[in-house]
Amino acid sequence: GSRYHFQLEEFVLQHQRPGSRSFLSSISDDTMNGHPNGNPNGGNDSYFDDDQDSFATSYHAPVMWKECIDGLMNCERGRIRGHKHKQKKPKQTSDDDDTATGRDIDPLVFVDGTLGGGGHSAALLRVLQAGDVVFGCDVDPNALKTASSRLKHYMDHPGNDRPLFVPVQCNFADLAMVLPSVTFPNNDAGGRILDHFEGAVDGILLDLGVSSHQIDEPDRGFSFMRDGPLDMRMSSGNSEGLTAAEICNEFDERELQRIFSQYGDEPRAKTVAKAVVKHRPLTTTGDLVDAIGSVTPAYAKNKRKGRTATCARIFQSLRIVVNNEDGVLGRVLEDACPTLICPGGRLVVMSYHSMEDRATKRIMRDGSIHKNRQRDERDIYGNYSGPPKPFKPVGKKCKATEEEVNQNPRARSAVLRVAERLEQ
């Protein structure tokens, strides 16, 4: 009889945590070096037999981590170094055979722009070598604290025997302004890190999904499965910025309809918007669920029109507006990434919504997140002759395998795209 006792199987499937053992059963031993319980020099004499599920935690399970790491490590300088992430043991070489091991190549530097629980950064640090650097950036201080604790083995050291992890609290839209001023922690080299890399990085990873931990916290207001304040701001503890409650209570019906339709792909946006206005004031996630439930059947032959799926779309649309996700996505794709990534470097983006994927596809193909209404300028031979584009797409978009989706249903809607930075 409770308002929360409608059918929630679909939502639970989308957000349940994976069975960590089977989820990571295919991790290659060769990618597991450098763990604090193993050889800090990155040797293969310990493969974490006691910790095979280190990438998936109760905080978050990284989606398509192998594909993400492969996309990053196949940057131009990574290819020169010889990393192909083929999960094959390297040939035995002498310690002074630097050419064979790739140590004659300058260190690589990557940015995890959406650190979350640190799963992707953990996987990346496993395949890097001494001297390499990973910036882990997140606007949520709780996420930063959790990931930093997990990756502390890679922090605050000279970088002589293992890669260096540097946590940075910032919105990924501000990467181009924040990262150039980040300095080495307790490092004899001193100074600003990017000054040692000519101000550029070899790759940026953006996982645009919401972490399981954020969904699981009722006080954050992201989940319609748990009653809590109707907030949805990414920066926990932040008293500034618009809340979802303010949007529901203060925006007019037409604007609510636009939000639900544009950012949630909601087929009954007008009906739901009218119900939200009718049920004002709304202060909790439960109030919003009641408003949606008043015009949505608990069950429907078409699951897309059921109450669970409708709640998921409405909550998603409000979260996007509260955090200005479309605006910050445009800034990071059009400004930060072209500014920071060196020629031959990689942009790896994982999106979960059509708006995000559309913007990602356009920046990689056209150089702008806005629709290109004009045909590409081409010469008489059919070659492109217009303004230089910052990226070229690499391969086709990638979806999670059926095996991964079965173990981690959150991966079902993920779309991964990779692009390489072009010379300007």
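Derivation of every value follows stated rules applied to the coordinates shown; laboratory data play no part. Just so we're clear, the structure is a prediction, and the values are computed from it rather than from any experiment. For neighbour counting, all protein chains shown are included, and Cβ atoms are generated from backbone atoms with ideal geometry for every residue, glycine included.
When the C-alpha to C-alpha distance is required to be over 26 Å, the pairs from Lys278/Lys305; Lys66/Lys397; Lys270/Lys361; Lys152/Lys397; Lys274/Lys305; Lys66/Lys392 that qualify are Lys270/Lys361; Lys152/Lys397.
Potential lengthening of the chain between Arg412 and Ser149 amounts to 91.8 nm, from the contour at 0.36 nm per residue minus the alpha-carbon distance. Its relative contact order, with pairs defined as Cα atoms under 8 Å and 6+ residues apart, puts the range 315-397 at 22 percent. Altogether, the Stokes-Einstein calculation at 20 °C and 1.002 mPa s, with the Kirkwood radius of the range 139-204 over Cα pairs as Rh, returns a diffusion coefficient of 166 µm²/s.
3J(HN,Hα) couplings calculated from phi for the range 227-232 with the Karplus curve 6.51 cos²θ - 1.76 cosθ + 1.60 (θ = phi - 60°) are, in sequence order, 7, x, x, 7, 10, 6 Hz; Gly and Pro show x. Share of pairwise Cα-Cα distances greater than 20 Å in the range 272-403 is 62 percent (whole percent).
Per-residue extension of 0.36 nm, minus the Cα-Cα distance of Asn324 and Ser368, leaves a gain of 14.0 nm for this segment. Under a model in which nothing but the beta-carbon of Lys, Arg (+1) and Asp, Glu (-1) is charged, the range 281-424 shows a dipole of about 560 debye around its Cα centre. Which FRET efficiency value, to the nearest 0.05, do you get for Ser235 and Ser354 by plugging their Cβ-Cβ distance into 1/(1 + (r/R0)^6) with R0 = 25 Å? FRET efficiency, Ser235 to Ser354: 0.45. Once the C-beta distance of Glu255 and Ile80 is scaled by a Förster radius of 35 Å, the resulting FRET efficiency is 0.10 to the nearest 0.05.
Computed packing ranks the peptides 309-319, 325-335 as 309-319, 325-335, most packed first, by mean other Cβ atoms within 10 Å. The stretch between Lys270 and Lys397, if pulled fully straight at 0.36 nm per residue, gains 42.4 nm over its current Cα-Cα span.
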